[in-house]
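Okay, so here's the structure we're looking at.
Bear in mind these aren't lab numbers, they're just calculated from the coordinates by the rules spelled out. Everything quoted here is computed from the prediction, not taken from an experiment. Cβ atoms come from the backbone with ideal geometry, glycine included; neighbour counts cover every protein chain shown.
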Amino acid sequence: MRPYNKRLFALLFAAAAWPLFARTPAVSAGQNPSAQAASQTAPLTVDQDPVRSPDTSAPSEAGAPLKKQGGGYVLKTNVEEVVLNATVLEGNRLVPDLKEGDFEVYEDGVQQKIISFQHTDLPVSMGLVIDNSGSMYKKRPAVNEAALDLVQSSNPEDQAFVVNFSDEAFLDQDFTSSIAQLRQGLSHIDSRGGTALYDAVAASADHLVEQGKRPKQVLVVITDGDDNASTLTLEQTIRRVQQLSGPVIYCIGLLYGDEMSREEIRHAHNALEMLATETGGIAFFPKSLNQVDEIAAEVAQDIRNQYTIGYRSTRPMTDPGFRTIKVLAAARGMGKLTVRTRTGYFPSVPGAGKSTLTTSGN
């Protein structure tokens, strides 16, 4: 059994510390045999008051080219640049051929000057955050294959990590482009315990922003239940991601069957919708496992067809408080266009605490 001291957890949180998640390699009697593959694993640690590292997701000059240097991509950036990943739809159709002049960006109702613009298949740093609670045991094989298919259908220079979570979250594979290593990370199936979804998302977002090296950042969250074990609330989790100026979150909610009450389904549905909408992603709710692979392909297509837009706020970054963002698009010969991006952000505070990732000695 993994150690889990609720009283200590509560005391740490009351003292303004975030949850520490750790895995032990022991295999208890009756545990799913696939869990025996788990060995040395890194625990996720989340600190308070996160900030985003200097942004590397867009150039500081409009239309500046993306250059490949060594093993990665290098873009000219400015630490005060606000970078948005935006998906544009005409009805249900992705619109892939807009120009910078087709967009308008507003912050708190004030139009902003676009200083960078890209519509390129940029490599992505991605976190696969998969529910590992007891109710997921029979669903995990199909979910794992869909997650791997998503990675395989993406840019070959993408890097992904795997977090499996129940009432604790475990980094079972750090950033890699290897499908074999990701498959191994996904195979660490314990399928027991509760669902600490919010804690897992916050820790994964922190790790993604701290360690991700690719220009775009994405979390893909797959769960079949309502959060019942997190220290954080939904609102605190969303705020944390917004403080990171962070990743787009795509949610897949397997909210069917008789495992949950109507109230639990409604609550879980609303939570996943909020996580996705507030960060510029989408929440999907398949009716069966047979639809998960198709949804994964749709997520991959959405990621590949985003516009990356940067602006420098007309307000000083030292001004505190949440700032709302609205992006509009219009083009001659097209109907009404809908732009999906994050709803806003909190300015970063230099010197604030960052998350850390250490390796378990177990």
### Query
Once phi is turned into ³J(HN,Hα) by the Karplus curve 6.51 cos²θ - 1.76 cosθ + 1.60 with θ = phi - 60°, what whole-Hz value does each residue of region 236-245 show in order, with x for glycine and proline?
5, 5, 4, 4, 4, 5, 5, 5, 7, 6
### Task
Would you please give the FRET efficiency between PHE322 and LYS213, computed as 1/(1 + (r/R0)^6) with r the Cβ-Cβ distance and R0 = 22 Å, to the nearest 0.05?
0.20
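Order these peptides, 305-316, 329-340, 175-186, 218-229, by their mean beta-carbon neighbour count within 10 angstrom, highest first.
So the peptides 305-316, 329-340, 175-186, 218-229, ranked by packing, come out 218-229, 305-316, 175-186, 329-340.
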#### Entry: Largest to smallest principal axis extent of the C-alpha atoms in region 226-267, angstrom
37, 21, 14
### Query
Each label point is 7 Å from the Cα along the Cα-to-Cβ direction; what then is the distance between the points at TYR106 and LYS138, in nm?
5.0
### Task
Once you have the Cα-Cα distance between ASP97 and ALA180, take 0.36 nm times their residue separation minus that, and quote the gain in nm to one decimal.
26.4 nm
### region 268-351, dipole about Cα centre (Lys/Arg Cβ +1, Asp/Glu Cβ -1), debye to the nearest 20
500
### Message
From the phi angles alone, apply the Karplus equation (6.51, -1.76, 1.60; θ = phi - 60°) to region 210-218 and give each ³J(HN,Hα) in whole Hz, x where the residue is Gly or Pro.
### Response
6, 10, x, 10, 8, x, 10, 9, 9
### Task
At 0.36 nm per residue, minus the direct Cα-Cα distance, what do THR314 and SER288 gain on full extension? Give it in nm, one decimal, please.
4.7 nm
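Run the numbers on region 182-338 and let me know its relative contact order in percent, using alpha-carbon pairs under 8 Å that are six or more apart.
This gives 19 percent for region 182-338.
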#### Entry: Additional length obtainable on full extension of the chain from THR120 to GLN301, 0.36 nm per residue less Cα span
63.9 nm
### Query
Just for the Cα atoms in region 138-262, what are the lengths along the principal axes, largest first, rounded to whole Å?
42, 34, 20
#### Entry: Student exercise, region 168-262 dipole from Lys, Arg, Asp, Glu Cβ charges, in Debye to nearest 20
480
### Message
Along the charge dipole of region 76-204, pointing to its positive end and built from +1/-1 on Cβ of Lys, Arg, Asp and Glu, which listed residue (LEU182, LEU128, VAL201) has its Cα farthest out?
### Response
LEU182
### Message
5 Å is the cut-off here: which amide hydrogens, built 1.01 Å from N in the peptide plane, fall below it relative to VAL82, excluding neighbours closer than 5 in sequence?
### Response
TYR311, ARG312, SER313
### Query
Here are some pairs, LYS99/LYS216; LYS216/LYS326; LYS213/LYS336; LYS216/LYS287; which of them have Cα atoms lying more than 28 Å apart in this structure?
LYS213/LYS336; LYS216/LYS287
### Message
Which one, PRO347, ASN290, LEU255, projects farthest toward the positive side of the charge dipole computed for region 232-352 from Cβ point charges (K/R +1, D/E -1)?
### Response
PRO347
### Message
Please list, short to long, the whole-number percent of alpha-carbon pairs of region 182-227 in consecutive 5 angstrom bins beginning at zero.
### Response
5, 16, 21, 27, 20, 8, 3, 0
### Task
Mind listing the long-range amide H neighbours of ARG214? Cut-off is under 5 Å, sequence gap 5 or more, other chains count too, H placed in the peptide plane at 1.01 Å from N.
SER125
